[in-house]
Protein chains: 2
Amino acid sequence: MVKARSRPGAAATTGAVTLSSVAERAGVSLATASRVLHGSGGRAVGDALRARVFAAAQQLGYVSNGPAQALARASSSVVGLVVHDVADPYFSAIAAGAMRVARAHDLMVMVAATFRDPELELEYLARLRAQRARAVLLAGSGFTDPGYTSRLAAQIEGFERQGGRVALVGQHGVPADAVLPGHREGAAEAARYLWELGHRRIAVVCGPRALETVAHRLDGIREALRGLGADLAERDVVEADFTRSGGRTATLELLRRNPGVTAILALNDLMAAGALAALREERRAVPAEVSVIGFDDLPQAADLHPALTTVRLPLEEIGERALRLILEEEPGYAPRAVPVPATLVMRASTGPAPR
Amino acid sequence: MVKARSRPGAAATTGAVTLSSVAERAGVSLATASRVLHGSGGRAVGDALRARVFAAAQQLGYVSNGPAQALARASSSVVGLVVHDVADPYFSAIAAGAMRVARAHDLMVMVAATFRDPELELEYLARLRAQRARAVLLAGSGFTDPGYTSRLAAQIEGFERQGGRVALVGQHGVPADAVLPGHREGAAEAARYLWELGHRRIAVVCGPRALETVAHRLDGIREALRGLGADLAERDVVEADFTRSGGRTATLELLRRNPGVTAILALNDLMAAGALAALREERRAVPAEVSVIGFDDLPQAADLHPALTTVRLPLEEIGERALRLILEEEPGYAPRAVPVPATLVMRASTGPAPR
DNA sequence: AAGCCTGTGGAAAGCGCTTTCCCATGCGGT
DNA sequence: ACCGCATGGGAAAGCGCTTTCCACAGGCTT
């Protein structure tokens, strides 16, 4: 005896409008409806049928089923974007650039925030892989954590074997296409500029040391100073967390520890804003007594008081280039590295060292 | 005669690791593997098998197929977030709040930027619908455009019939759960504050009039002034585009048109920053000659010079509440409206009117 | 000792779509 | 007039997963 089985598959079969209902209504086969409504698959469809199908879809209010499409095609129309923090203007700028490119390719963007946790980054990469994202842009910098690199490499490899592409901002020590911002050179230029202004007591308000970006920027400063015959003492480097309030606290600490400092190099603009605030609290004139340089040139840098001298990074362009790299080139395949130079923007927060 | 058909379905069948390969390797059925690796579906699985399956998945490097899961379950693990512009700090703050909630629910977030184009907003809503997003947060304000409302309502209805939920920030004239920021009241409070300080020539640097948010804020000012027996003349309102440079230009225009103005109310902080810049260029002292008030209280508002008096909106909280609204309540269903009050933050950019 | 749950495992029917193969046309070439 | 041969349309086999229904053990009741 054959018993009628009720829907083994799941799904609320509440008269959902599917391709087959459209086909039925238009009096054509499923195949034809598919060819008309979604990419034709290299096949032409007659005008009459074509019009009938469109009309039917319209009347029924048909909305295609993305997951089903992705399953059948074995590729979704989604790209992933992994950042440290969406509220950080550094990352929103990169995101804006990337999203422009995604739009041009008609792709949706999934954004994930890791809050600088390597584990979370890896987790999100895996989830994006599960979502069959076509490409993923790792916009946060890499971590200096040793175990991290190999696990990241493994994830990336798995992802690419699956047909996805990965782009990096900054070089994470793994083979993948990358955009390389000139952290080192930009930082070096800032340091040399300060030196030329006569500053000999230069301190650094540093970001989280676990970040590759921070290491690069710090190295740039170190090397520049060394090239000038000077040296960056450990006690002139205070670590903060890339936020304004972290920068303020660190600067206060710095001033206490080392009151003779005449120049502060903050490793991002947010912390530079905090440094400026701390200096104001401590009644130290900028730039008469202390010069301040930031990094990134966020839109708000020019509105700080005094207007912030900073190392400019074309962030939107970085996001754009990175995604282009993997979306617009066939996977034919040798990882590329595109350098993006940083430039020093001189404004009012720097001046000659006091004597 | 039966001919062997070669893979009618698509997909690179390159030894992809699927659930069934895991099951095979573990020596269990597909059903068991599914129950172990993905939600058990209310069913228990013995410990021995459970362990075997995990081990097999581990060894094979199994990554689940999200689209397939979404198809079978008729629901994805994605939420959508539609904003005007990701680089605008107003929206990044909302996004940050929303993403926190999404993370707590273990959901991925698809972000779309409309650049204030109603058509694009509708398009993205449709695409999110196609992606079978579980929920969508429309974080940009609504448009005053007449046709828009009914089309939006239709989209939302279709989306909800499909099992999705929609939340709005601001009331778009459609029935859906919404978080309602106190645009009107906050703006009114700012206007009254200026009035109390003795200002009688108050001008407004307005945002795009097509936005509901702008209409509300403007109305708040109008009503407050009317309540005080004054009136906001059309010539004292200049429209800009919510950017810093737009604010600057508009303020310059305003100053030319109406040199006697003693207070400027900018409808967001970005434009207030531009106003401050314009005033500086024109050598008008703030607040001695002209007072300035902004709106939103972005993190950078306190760093402007002088520190900006502004109407604070708890943006992260707004994003958080909005997504909570639809994710954490059963669809049992009467649209809720959660008001979120704005508060005036007095800083240094406002002072008594000059006499 | 017979009857029954209860707890576990498996078979298989879809979810909605893409795409391959095959078939019916209508057409021009020789 | 006959034979290809494009051309456009349809049938159907999956894509990888979830979930329903069934089967079968054991451990309990009565």
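Averaging over all projection directions, find the projected area of the Cα convex hull of the range B:19-64 and quote it in nm² with one decimal place.
Reported value for the Cα convex hull: 2.7 nm².
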Completion exercise
Quick calc: nm separation of the 7 Å Cα→Cβ label points for B:Gln59 and A:Asp47 -> 6.2
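Give me the inter-chain shielding for A:71-81: mean count of other chain Cβ atoms within 10 Å, whole number please.
That average works out to 5.
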Fill in the blank from the handout: For the range B:73-147 the chymotrypsin sites (Phe, Trp or Tyr not before Pro) that pass both the DSSP coil test and the at-most-14 other-Cβ-within-10 Å test are B:Phe115
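Helix-derived [θ] at 222 nm for chain B: sum -39500 (n - 2.57) over DSSP H runs of at least 4, divide by residue count, nearest 500? Before the final figure, lay out each step's value.
On the way: 12 runs with 153 residues, N = 355.
Rounded to the nearest 500, the figure is -13500 deg cm²/dmol.
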Practice task
Would you mind calculating the relative contact order of the range A:19-64 from Cα pairs under 8 angstrom and at least 6 residues apart, reporting the percent as a whole number?
Solution key: 43
Handout entry: Euclidean distance of C-alpha centroids, the range A:276-355 and the range B:26-68, integer Å
Key = 49
Exercise for the section: Kindly give the distances from B:Arg336 to its copy-mates, label point to label point, with each label point 7 Å from Cα along Cα→Cβ, as nm values to one decimal ordered shortest first. Expected result: 5.0
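Got a sec? How would A:Asp106, B:Asp88 order by Cβ neighbour count within 10 Å, fewest to most? Each step should come with its number before you reach the end.
Working: A:Asp106 8, B:Asp88 21.
By the 10 Å Cβ count, ascending: A:Asp106, B:Asp88.
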Problem - Taking B:Val166, A:Val63 and counting other C-beta atoms within 10 Å, the order from fewest to most - result: A:Val63, B:Val166
Handout entry: Bridge type composition, chain A - antiparallel percent by DSSP, nearest 5
Key = 10
Problem - Residue of A:Ser29, A:Ser64, A:Ser92 that the Gaussian network model of chain A assigns the largest fluctuation, springs spanning Cα pairs under 10 Å - result: A:Ser29
Completion exercise
If one compares the long axis through the Cα atoms of helix B:146-161 with the longest principal axis of the Cα atoms of chain B, the angle in degrees, nearest 10, works out at 30
Handout entry: Listed residues B:Gln171, B:Met271, B:Leu218: farthest to the positive end of the dipole of the protein assembly as shown (Cβ charges)
Key = B:Gln171
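Let's see if you can work this out: charge +1 on each Lys and Arg Cβ, -1 on each Asp and Glu Cβ, no other charges. What is the dipole magnitude of the protein assembly as shown about its Cα centre, in debye to the nearest 20?
Details: 82 positive and 76 negative charges, 393 e Å.
The dipole magnitude comes to about 1880 debye.
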Practice task
Provide Rg and Dmax in Å for the protein assembly as shown, with only Cα atoms included in the calculation.
Solution key: 28.4, 102
Exercise for the section: Find every distance from the label point of A:Phe54 to the corresponding label point in the other copies (7 Å from Cα along Cα→Cβ) and write them in nm, one decimal, shortest first. Expected result: 5.5
Fill in the blank from the handout: Cβ density ranking, 10 Å radius, fewest first, applied to B:Val237, B:Val22 yields B:Val237, B:Val22
Problem - Relative contact order (%) - criterion: Cα under 8 Å, at least six apart; region: chain B - result: 16
Problem - Shortest-first distances to equivalent copies, position A:Ser245, nm, label 7 Å out along Cβ - result: 3.4
Handout entry: Over the range B:183-313, relative contact order from alpha-carbon pairs under 8 Å, at least 6 apart, %
Key = 24
Fill in the blank from the handout: Each residue of A:160-173 has, on average, a number of other protein chain C-beta atoms within 10 Å of its C-beta equal to 1
Fill in the blank from the handout: For A:Val340, placing the label point 7 angstrom along Cα-to-beta-carbon and taking the range A:53-92, residues whose amide nitrogen sits under 16 Å are A:81-85, A:88-92
Handout entry: Unit charges on C-beta of K, R, D, E only; dipole of the range A:183-312, Debye
Key = 360
Exercise for the section: May I ask for the distance between the Cα centers of the range B:82-97 and the range B:100-115, given as a whole number of Å? Expected result: 11
Handout entry: Shielding by other protein chains, A:126-134, mean Cβ within 10 Å
Key = 5
Practice task
Would you mind putting B:280-291, B:199-210 in packing order, based on average other-beta-carbon counts within 10 Å, highest first?
Solution key: B:199-210, B:280-291
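All of the numbers you see were taken from the coordinates with simple rules; none came from a lab. This structure is a prediction, so every number in the text was calculated from the model and none was measured. Neighbour counts are summed over all protein chains in view; Cβ atoms, including those assigned to glycine, are modelled from backbone coordinates with ideal geometry.
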